Amino acid sequence: MTEVPQERKLVTAVPGPRSQELMARKSAAVADGVGVTLPVFVTRAGGGIIEDVDGNRLIDFGSGIAVTSVGNSAEAVVRRAAAQLAEFTHTCFMVTPYEGYVEVAERLAELTPGDHPKKSALFNSGAEAVENAVKIARAHTKRPAVVVFDHGYHGRTNLTMALTAKNMPYKEGFGPFAPEVYRVPLAYGYRWLTGPEHAAEEAAAQAIDMINKQIGAEHVAAIVIEPIAGEGGFIEPAKGFLPRIAQFAKNNGIVFVADEIQTGFCRTGQWFASEHEGLVPDLITTAKGIAGGLPLAAVTGRAEIMDAAHAGGLGGTYGGNPVACAAALGAIETMKELDLNARARRIGEVMLPRLRAMQEKFPVIGEVRGRGAMIAVELVEPGTKQPDPAVTAAVAKACHAAGLVVLTCGTYGNVLRFLPPLVIGEDLLNEGLDIIEDAFAGV
């Protein structure tokens with residue numbers, strides 16, 4: 001395993017000539033629907049650095065969309081995955097099982113909120129996890145309806161596109177979508193019309209009223225929500241909103257599903273973002289940060305709910321692949337050994353004051369928000385709350401040119417999001433913030 005020097009280095013323009021050649025090959029061979037945020041082709045990565053084929057080293061504030069929280073080549077992940085590769089790559093857990101799958105399920109039972117008996121089922125992607133959580137909830141409740149929220153994102157399969165709020169690029173042209181999905185308001189404090197101080201109470205009241213009137217609570221199998229809306233703009237619902245929705249679900253026999261795919265595994269400074277308000281979800285969906293970059297996802301929850309599906313009703317050929325399970329055990333080992341919850345909190349302590357100082361300088365920054373190492377700035381036309389996606393794209397482009405990987409998101413395309421690896425050095429963190437400040441000054 002080669003160590004990647006932990007310093008930014010630009011030897012060509014970004015993207016360089018070799019990356020441009022490879023992009024031409026990509027255009028000829030890969031479907032146009034598979035987009036690219038930053039067209040640099042990677043040769044190696046680790047810590048807080050991505051190195052491309054032209055020899056440029058970029059600071060990583062994206063983590064492959066919150067996947068490589070332990071770094072792109074964490075020692076324990078590589079060691080455990082390599083050892084498993086040498087033994088066997090696959091048998092299919094549903095045919096002849098193996099211990100790694102069981103061990104991951106045991107770790108998930110230990111780490112997720114609540115001390116009730118828990119079980120898990122493993123899959124390949126976040127969308128699969130959400131889809132299976134809905135299947136399990138329907139099997140348990142014998143009810144059809146699923147409630148989701150404005151600004152929510154839950155995946156790209158047919159059912160999870162229906163659950164996802166934003167049309168472009170996730171849903172445009174791909175319908176019709178799965179039925180019995182209902183959308184209700186989210187307590188988006190920054191954009192709540194009567195002000196953030198009223199958002200939790202009013203949004204919860206509206207959501208509950210809509211469920212009762214338009215669906216009937218007795219017909220709802222599951223309420224599915226991200227504790228912090230990810231693709232929707234890193235929106236942390238106004239404090240008090242999530243507990244009210246969870247209590248409503250409990251009172252009405254509805255399975256409360258926390259989609260922790262982007263927020264889970266130390267990203268927000270706790271193992272799971274649900275813990276910030278003391279939530280104990282019935283089911284939790286996880287993926288992204290779970291396995292240090294290998295494809296793995298899970299549904300974990302109350303044993304009596306998880307056991308509702310009949311034998312053979314859950315699974316998939318690759319679900320809980322042995323190499324991915326080994327990687328997950330290595331990622332969890334790394335998170336514990338390095339106390340990545342504390343590292344995530346420290347990243348927030350460094351980033352948030354710097355970004356708030358920028359907000360004072362640059363009136364285009366409407367709000368700075370986030371928890372731990374899941375941080376965003378929402379950009380608006382100065383003096384208004386009118387979203388400014390053009391400036392957002394320009395700032396991101398300037399960061400990319402300077403050797404910093406940043407991502408955008410948001411229902412209105414006007415949010416810059418920062419997801420640095422939790423193992424990034426503070427020198428790189430501060431250098432990345434300098435680049436962001438220069439980008440705002442330049443734009």
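Figures for the structure shown
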{"read-out": "Condition check for E87: acidic (D, E) and within 30 Å of G278 (Cα to Cα)", "value": "no"}
{"read-out": "Cβ-Cβ under 6 Å pairs, at least 6 apart or on other chains, the stretch 192-217 side closer than 16 Å to I254 by Cβ and in contact (Cβ under 8 Å) with a residue 12 or more places away in the chain, far side in a helix (DSSP H, G or I) and of a type in the set (F, W, Y)", "value": "A204/F241; I208/F248"}
{"read-out": "Residues of the stretch 1-34 that turn out to be over 30 Å from A83 (Cβ atoms) and either charged (D, E, K, R) or surrounded by 15 or more Cβ atoms within 10 Å (Cβ to Cβ) (or both), as a count", "value": "17"}
{"read-out": "Some residue of the stretch 105-117 being touching a Gly at 6+ places or on another chain (Cβ under 7 Å) and either surrounded by fewer than 20 Cβ atoms within 10 Å (Cβ to Cβ) or touching a residue at least 40 places away in the same chain (Cβ under 8 Å) (or both)", "value": "no"}
{"read-out": "Boolean, E197 is surrounded by fewer than 22 Cβ atoms within 10 Å (Cβ to Cβ), in the same structural domain as S120 (by TED's automatic domain parsing) and under 18 Å from K239 (Cβ atoms)", "value": "yes"}
{"read-out": "Close pairs (7 angstrom Cβ cut-off, 6 or more residues apart or separate chains): within 14 Å of L433 (Cα to Cα) in the stretch 359-373, modelled with pLDDT of 95 or more and assigned to a strand (DSSP E or B) anywhere", "value": "Q359/I365; Q359/V368; V368/V377"}
{"read-out": "Filter result for T37 (of a type in the set (S, T, Y) and either farther than 27 Å from P169 by Cα or surrounded by 19 or more Cβ atoms within 10 Å (Cβ to Cβ) (or both))", "value": "no"}
{"read-out": "Selected residue [of a type in the set (D, E, K, R), crowded, with 18+ Cβ neighbours inside 10 Å and over 22 Å from the mean Cα position of the chain (by Cα)] from D427, D388, D438", "value": "D388"}
{"read-out": "Extreme residue, nearest to A287 (Cα to Cα), among residues of the stretch 57-100 that are in a helix (DSSP H, G or I) and touching a helix residue (DSSP H, G or I) at 6+ places or on another chain (Cβ under 6 Å)", "value": "A66"}
{"read-out": "Residues (within 21 Å of R138 (Cα to Cα), among the charged types (D, E, K, R) and not in a strand (DSSP E or B)) located in the stretch 272-331", "value": "D282, E304, D307"}
{"read-out": "Residue in the stretch 153-172 that is farthest from R138 (Cα to Cα), counting only those that are small (G, A, S) and in a loop (DSSP other than H, G, I, E, B)", "value": "A165"}
{"read-out": "Residues of the stretch 1-42 classified as touching a residue at least 24 places away in the same chain (Cβ under 8 Å), assigned to a helix (DSSP H, G or I) and of a type outside the set (S, T, N, Q), total", "value": "3"}
{"read-out": "E367 farther than 25 Å from E7 by Cβ, buried (at least 17 other Cβ atoms within 10 Å of the Cβ) and among the acidic types (D, E)", "value": "yes"}
{"read-out": "Output for the stretch 302-322, where each listed residue is buried (at least 16 other Cβ atoms within 10 Å of the Cβ) and among the aliphatic types (A, V, I, L, M)", "value": "I305, M306, A308, A309, L314"}
{"read-out": "The stretch 143-156 residues that are in the same structural domain as P179 (by TED's automatic domain parsing) and touching a residue at least 40 places away in the same chain (Cβ under 8 Å), paired with ones that are β-branched (V, I, T) and assigned to a loop (DSSP other than H, G, I, E, B) (beta carbon under 7 Å, 6 or more apart)", "value": "H151/T411; G152/T164; Y153/T164; H154/T164"}
{"read-out": "Among residues of the stretch 178-210, those that are of a type in the set (F, W, Y) and either part of a helix (DSSP H, G or I) or touching a Leu at 6+ places or on another chain (Cβ under 8 Å) (or both), counted", "value": "1"}
{"read-out": "Hits in the stretch 238-256 - residues which are assigned to a helix (DSSP H, G or I), farther than 10 Å from A203 by Cβ and basic (K, R)", "value": "K250"}
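Table: residues versus (1) under 15 Å from A326 (Cα atoms); (2) among the hydrophobic types (A, V, I, L, M, F, W, C); (3) free of Cβ contacts under 8 Å to residues at least 60 places away in the same chain; (4) in contact with a Lys or Arg (Cβ under 8 Å, 6 or more places away or on another chain).
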| position | (1), (2), (3), (4) |
| --- | --- |
| R44 | no, no, yes, no |
| G48 | no, no, no, no |
| N56 | no, no, no, yes |
| I59 | no, yes, no, yes |
| I65 | no, yes, no, yes |
| S69 | no, no, no, yes |
| S73 | yes, no, no, yes |
| V78 | yes, yes, no, no |
| A86 | yes, yes, yes, no |
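The values are calculated or read from the model by the stated rules, or taken from the named source; none is laboratory data. Please read these numbers as outputs of a predicted model, since none were measured by experiment. Here Cβ is always computed from backbone atoms with ideal geometry, including for glycine, and neighbour counts include all displayed protein chains.
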